[in-house]
1. Mind checking which residues of the range 36-67 are among the small types (Gly, Ala, Ser) and either outside any helix (DSSP H, G or I) or in contact (Cβ under 8 Å) with a residue 24 or more places away in the chain (or both)?
2. Answer with yes or no whether Leu116 is outside any loop (DSSP other than H, G, I, E, B) and modelled with pLDDT of 95 or more.
3. Suppose we keep only residues that are touching a residue at least 12 places away in the same chain (Cβ under 8 Å) and away from the ligand (no atom under 16 Å from the Cβ) within the range 23-33. Which one would you say is nearest to Ala66 (Cα to Cα)?
4. Test of understanding: among Arg70, Arg83, Arg63, which residue is modelled with pLDDT of 95 or more and not β-branched (Val, Ile, Thr)?
5. Asp93: over 21 Å from Leu21 (Cα atoms) and not in a strand (DSSP E or B), yes or no?
6. Do we find that Gly11 is closer than 21 Å to Ser111 by Cβ, surrounded by 11 or more Cβ atoms within 10 Å (Cβ to Cβ), of a type in the set (Gly, Ala, Ser) and more than 16 Å from the ligand (Cβ to nearest atom) in this structure?
7. Go through Val90, Val20 for me and flag whichever is more than 16 Å from the ligand (Cβ to nearest atom), of a type outside the set (Asp, Glu), in contact with a strand residue (DSSP E or B) (Cβ under 7 Å, 6 or more places away or on another chain) and within 22 Å of Ser111 (Cα to Cα).
8. Answer yes or no as to whether Gly85 is assigned to a loop (DSSP other than H, G, I, E, B) and within 16 Å of the ligand (Cβ to nearest atom).
Amino acid sequence: MTRLLCQVCGGRADHNDDGVLWLLGEDPRDPASWPEDLLTSHPPLCLPCAAKSVRLCPHLSQRYVALRVREFYLAGVWGTLHRPGFPLPVVADAAGVAFDDGRPRWLRAHSLITRLETFTPVDLATETH
Ligand SMILES: [Zn+2]
């Protein structure tokens, strides 16, 4: 995530003057329905992989929004949260935990969470031509 590599091919994620390309499974016609904080555990994409993803991914083929993101930062980790136990910690839940939460040491992390702070929705079809 920190190297901004495409989540599909591992190449460089697409970046232009408007920002880095991300896809989210939100309704592009109803931004009011989007979460107040846009958090994602998915890395950005390159343009060819974004075009393929919206055609082939069962989730994104239902609905997606393409964003050019100018400001973003790592906000936490997603993983399996544990609680103290004897003789070993006990699995409590799957959870996303902010870095400043204090619980990351009880988390078996599997992906970073990025907060998309400043972004512009874009038309992916226009971007790919
Ligand atoms: Zn790619």
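1. Ser41, Ala50, Ala51, Ser53, Ala66
2. When the stated conditions are applied, Leu116 passes them.
3. Looking at residues that are touching a residue at least 12 places away in the same chain (Cβ under 8 Å) and away from the ligand (no atom under 16 Å from the Cβ), I get Leu24.
4. Arg70
5. Here the answer is no, as Asp93 does not meet what is asked.
6. Criteria not met by Gly11.
7. Val90 is the lone residue from the list that is more than 16 Å from the ligand (Cβ to nearest atom), of a type outside the set (Asp, Glu), in contact with a strand residue (DSSP E or B) (Cβ under 7 Å, 6 or more places away or on another chain) and within 22 Å of Ser111 (Cα to Cα).
8. No; evaluated as a whole, the condition is false for this residue.
The values are calculated or read from the model by the stated rules, or taken from the named source; none is laboratory data. Keep in mind that what you see is a predicted model, and the values were worked out from it rather than measured. No Cβ is skipped: glycine too gets one built from the backbone with ideal geometry, and neighbour counts run over all protein chains shown.
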